[in-house]
Structures are given as structure tokens and as C-alpha cells.
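The values are calculated or read from the model by the stated rules, or taken from the named source; none is laboratory data. What you see is a predicted model; the values in this text were computed from it and never measured. Here the Cβ is made from the backbone with ideal geometry for all residues, glycine too, and neighbour counts use every protein chain on show. For accessibility, only protein heavy atoms count, side chains too; no ligands or nucleic acids. Shrake-Rupley method; radii C 1.70, N 1.55, O 1.52, S 1.80 Å.
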Amino acid sequence: MKKPVISFENFTFKYRSQKEPTLHDINLTIHEGEIVLIAGPSGSGKSTIGHAINGLIPFSYKGDMTGSLKIHGKETRDLDIFSIGQMTGTVLQDTDGQFIGLSVGEDIAFSLENDQLEQAEMKDIVARTAKLVDVDTHLHHGLHELSGGQKQRVSLAGVLVGDGDILLFDEPLANLDPATGKQAIELISRICKETGKTVVIIEHRIEDVLHGDVDRLVVVNEGKILADGSPADLLATDVLERASIRKPLYLQACQYAGCDITSEMHPDRLESFNVQACSEELQGWLATLPDEKPEKLSEMLLELKDVTFGYSSEKLTIKGIDLTVHKGEMTSIVGRNGAGKSTLTKLISGLEKPTTGRIFINGEDATEDTIAMRARKVGLVMQNPNHMISKHMIYDEVAFGLVMRGVPEEEIRERVEETLRICGLYPFRNWPISALSFGQKKRVTIASILVLEPELIILDEPTAGQDFRHYTEMMDFLEQLNKRGITILMVTHDMHLMLEYTKRAVVIGDGRILADAPAVDILADPNIVREAHLAKTSLGTLAERAGIWNPQEFTRKFIAYDREVRAAWR
Ligand SMILES: Nc1ncnc2c1ncn2[C@@H]1O[C@H](COP(=O)(O)OP(=O)(O)OP(=O)(O)O)[C@@H](O)[C@H]1O
Ligand SMILES: Nc1ncnc2c1ncn2[C@@H]1O[C@H](COP(=O)(O)OP(=O)(O)OP(=O)(O)O)[C@@H](O)[C@H]1O
């Protein structure tokens, strides 16, 4: 039996500002060299478990702690944050809070500098690690010059070079493009195998994490451990449904088709899953599904004509984009990390001005709009909620834009309360924002834009950090807004979200449009998938392996069916 590295015994923790404990009676032992995935809905306490492992609890986040938590046999409360930090390397959900150095290279080197390595050796290790996570061409760049996904990779590199023997990842995939996400999980699995490090991953995207070699899945709900076992065993049960976590899509399809999933079928990874056992059911099910209806396009809302832009005069980031968006469309913008997606959203929302080219809204030239003028037409919900939030209290944050516009107080109250209800934040309206989880903060920023009712809303990764329930609520809510005529553009790395909610996808690659086509067709083009770092969803692969001749049709029909079933549950 391997040595226990992390042991929680009857561990309960209450944040000082909370009335009730966030974690109740946690019993969890993680052994040397294990890869453990912790999954659970938003606010269930996953990150709080992470904070306890890396010493932020009790040393930074104060509160009442009972029971025991030992790391390498030592009670954490008897240690200090520095020695716990030496044992545990953490990649946080919000990477911005984590950077120390000035440049990418310095940041990665930081963990090594503590060890007083030779300069040459240090340079070599930093270069190799940077290459591993594909930031080697940015070593001398400042961190503020990086895209969200690039920052995520730098923090990954930082812990990989460190010498902590526990690696803790809090939603490491949130901002990574699908191809890099897969590589990151493979990399984490490999590092763990090669070095014997113990890995704890906190993630909503369980299908993507299970792509690596996960030894155990721990399901957390309402601050308690609901299940703890091998992924194959747990995926053959209904525990994910009970915790409102999305099942891997290939398993959901098999379940709809009426196939019984057992742990002997290796349901934890599509690569090992016994698809043959379900082929007949899948083919029979597909035959019962109705055909889809085509859609008509309405008049033009937004038009970009040959738009270019560079953060500096030497280098263009956007290299000539022509794009038309029609009223009432809901469209995805996809592409690899650093391709220029966020930059494009900044141009459309007026935060940056094109170097050349024009932007038209409702047929009028809006290129020279001030930020305030553009904000009346276009609302941007940024990737990182901490970049948008300026108030202490949730209500004030959502009301802020209306206050600035001089809306009467009574109307503000009505609109803010309605929006908070819609976004599932009403019970928290009098809370300080600091007491919210990352996912909850993200919803606050969406609420603060929605309340302003712009004609076009752009969301930069609206569901990153959201659990399945909030993902569904948020996307259904956006869809409702869309049906009422609000046009929506979404930057996303979630291929299933793209297929599920947006008919059209615009693929950005190196500052240009690589493709602009129906979302399902985009994923059927292997060249685009490779070049733009996208990934086929497991549905297409499942259909191929089950001998279904048109995997795209299977994917489309699964999505339509799945949405109907989920709508009926609500
Ligand atoms: N610093 C804090 N002070 C007070 N309460 C907190 C603090 N951090 C988290 N909480 C509370 O603890 C609960 C669990 O938060 P936690 O971040 O552990 O959830 P999570 O499962 O990681 O959620 P998410 O997936 O949304 O990130 C939340 O409801 C939150 O209100
Ligand atoms: N403020 C900035 N100053 C200089 N360069 C920047 C700045 N912001 C982004 N860049 C660079 O512009 C390029 C495009 O970045 P952008 O954030 O638009 O990419 P993205 O497609 O949204 O990526 P991700 O999927 O990682 O969020 C990247 O190479 C990035 O390093």
C-alpha cells in the first residue's frame, strides 16, 4: 500500500464570514503518486478543499477548523504556509493572482531560483518547460501581454519546474483551447508517472480530465463527499446526476439509447469504452430521432470591414477581418490560445480602436464611437470576472452601470432584482463579492452587463468555471434573451457548447478568419480542427466506432434530443 500524503479526518471548516461550515466532516486520504479528480457543482467546496491542502486555510483564509488534516503525516495547523507551499505547487483558477516575476521566463524560473541552481542549468530547465507548455516564443514577454490561455500555461510551467511533491490544479482547463487542454492533461499524467508526484485536480470538465490517467474520482456536494472511487465504478452509477455534474457525452448518448453501462465496459475513457456493447442500441435510437429544421437569416447588425489592429506598431494581432453578424444570431468565436479572439471582442465592444478598417452597427459607421457610446449598443462580459468587478457588494456591482446612466432608483431596484433572479444570484444580493466562488463571481459580471440590455452581447468564455447546472441555466438564459432579439457572440473553448447553442462558428487563427460555417461542419474538417487547436467531441467518435455512417447527423440529433430531455426536467 502506498504512503498516504494527504489525509483529511472528520475535517470541518467554516469561513469566518459565513454562518455555516463550507466543508462538513471530510474524510479523504490521497496516496503518493495518485491522480485524484475532485468534481462537484459550483460552491460545493472544491476550491475550499484545495485551499486546505495548500495551506491558504488556515493561514490566509481565517475560520473555524475542526478535525484533522495531515500532509506527509504533519498536521497543517502546526506548520506554516511557507513549508506547506514547499510541499504543494498550486495552479489557481484565477492565474492573475499568482504571478510573481516580470516576464514569462522569470516567472517560470522563480521556483528554481529558490533552489540556487546554476544559471545555465536554470535557463535550460526554463526553456524546456516553456516548450512543453508551448510558451517558449513568449519567454521575454510581460505577463500582461499574454492571452488568458497563455497565462494559464505559464502557471502550469511554474509548478511543473517546482519541487513540491503535491501538485494541485484548480480548474486547470478553464481557459485552454481544446487541443492544449488535452495536452495539459496528458502532461500532468506523464509528470505524475515519471516523478511520482501526487496530483489533485479540481475540474468541472470531467470528460476532458478523464482523458488522462485518473486513479480516483471524488464527488463533492454541499460541502460533503458524496462518492469516492475509481472513475470506471462511479461512471456506472448515477452519482454524477445526483451532484448535477455533466456526464461524459458518449455515456449520455448510450444512456439515451437505452444501453446499461457497467464498470466492466470501461466507461471512464472513450478510448477504452466498449462501444460495441451499445452499437445496436445507438443505431436503433438514431433511427427514431426527427430531422432538423433550417433557419432564415435576418438583417445585418454588425459589420467589420477589413479591420486590422496591433497592440504595438511593430506587430499586427488582427490582420484584416471581414465579419458580418445578423440580428438575432447566436454565434461562437473559437480558435487556439493567443489567436486573437479576445482582441477581436475588444474591437467590437470599442475597448480598442482598429488600426485600419471600419466597424458598422445597424448600418452606421461606429468606428469612432467613444467607449460610452459603444457600451449602449454592445456589452462585453470579459473572461476574468476580477477584471470587471469594482464594487464590494453584489447588488451595487450589478446596479453600477444603471447608476452611471442616471436611471431612477426605483427602476434600478426592479431591473437589478429581476436580473439577479434570472442569474440565480438573488439570495446573495446583500453579500460581499469577496465571499463568492469564481463561478459565482462570473455570474455577477454577466448580470452587470445583462441589466443594461445592450443589442449585442459578447461573452468571453461565459461558462468557464461554471458547473453543469449553472452552465445550463446561463446558456438557456442567454438563449431566451437571444429569442427576444438580443444578438449574442460567444468566445468559447467548449466544443459542445458551440454545437449545442450556436448554429454558426467563426474560427480565428493568427488574427484572421480561418473558417465561418455551421458549427457541426467546422468540427468535421480535420484541417481546421488541427490548425485552430479544436477537438472533435466524443459524440462524433462514438458514432464512428458504433458504425454510424453520418457522425455529424448523430451529433446534431443527439444535441436536439438532449436539450429537449433537459428542458423537460426543469
Ligand atoms: N474567502 C471566502 N470567504 C467566505 N466564504 C467563502 C470564501 N471562499 C469561498 N467561500 C464560500 O464557500 C462556498 C464554497 O466555495 P468554493 O470556492 O470552495 O466552491 P467551489 O466548489 O470551488 O465552486 P466553483 O466551482 O464555483 O469555483 C461558496 O458558497 C462561498 O460562498
Ligand atoms: N495587452 C496586450 N499587449 C500586447 N499583446 C497582447 C495584449 N493582449 C494580448 N496580446 C497578444 O495578442 C495575441 C492575441 O491575444 P488574445 O487575448 O486576443 O487571444 P485569444 O485568442 O483570446 O486567446 P485565449 O484563447 O488564450 O484567450 C496574443 O499573442 C497575446 O500575447
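Below is a table of values for the structure above.
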item	result
Test result for Ala127, open to solvent by 10 Å² or more (accessible area, probe 1.4 Å) and within 16 Å of ligand 1 (Cβ to nearest atom)	no
Any hit, the stretch 403-414, residues being in contact with a strand residue (DSSP E or B) (Cβ under 6 Å, 6 or more places away or on another chain) and more than 16 Å from ligand 2 (Cβ to nearest atom)	no
Count - residues of the stretch 448-483 that are in contact (Cβ under 8 Å) with a residue 40 or more places away in the chain, open to solvent by less than 10 Å² (accessible area, probe 1.4 Å) and among the hydrophobic types (A, V, I, L, M, F, W, C)	7
Leading residue by the ranking (farthest from Tyr501 (Cα to Cα)) among those in the stretch 426-464 that are within 20 Å of the chain's Cα centre (by Cα) and in a loop (DSSP other than H, G, I, E, B)	Leu436
Exclusive hit being touching a residue at least 12 places away in the same chain (Cβ under 8 Å), away from ligand 1 (no atom under 16 Å from the Cβ), of a type in the set (Gly, Ala, Ser) and in contact with an Asp or Glu (Cβ under 7 Å, 6 or more places away or on another chain), set Ser349, Ser279, Ser332, Ser342	Ser342
Test: residue in the stretch 17-26 that is among the aliphatic types (A, V, I, L, M) and surrounded by fewer than 21 Cβ atoms within 10 Å (Cβ to Cβ)	no
Residue match in the stretch 395-411 (condition: of a type in the set (A, V, I, L, M), within 16 Å of ligand 1 (Cβ to nearest atom) and either at pLDDT 85 or above or under 19 Å from the mean Cα position of the chain (by Cα) (or both))	no
Any chance Pro551 is at pLDDT below 90 and surrounded by fewer than 16 Cβ atoms within 10 Å (Cβ to Cβ)	no
Strands (runs of 3 or more DSSP E) (entirely within the stretch 268-371) containing at least 2 residues that are open to solvent by 70 Å² or more (accessible area, probe 1.4 Å) and in contact with a Gly (Cβ under 9 Å, 6 or more places away or on another chain)	300-309
Meets criteria (closer than 24 Å to Tyr501 by Cβ and within 13 Å of ligand 2 (Cβ to nearest atom)) for Thr343	yes
Every residue from the stretch 48-83 that is within 26 Å of the chain's Cα centre (by Cα), surrounded by fewer than 22 Cβ atoms within 10 Å (Cβ to Cβ) and within 29 Å of Lys193 (Cβ to Cβ)	Leu56
Selection status of His144, touching a strand residue (DSSP E or B) at 6+ places or on another chain (Cβ under 9 Å) and open to solvent by 40 Å² or more (accessible area, probe 1.4 Å)	no
Residues of the stretch 157-183 satisfying the condition of being within 16 Å of ligand 2 (Cβ to nearest atom), over 22 Å from Arg530 (Cβ atoms) and open to solvent by less than 10 Å² (accessible area, probe 1.4 Å)	Ala157, Glu171, Pro172
Breaking point among (1) within 16 Å of ligand 2 (Cβ to nearest atom); (2) at pLDDT 95 or above, for Ser312	(2)
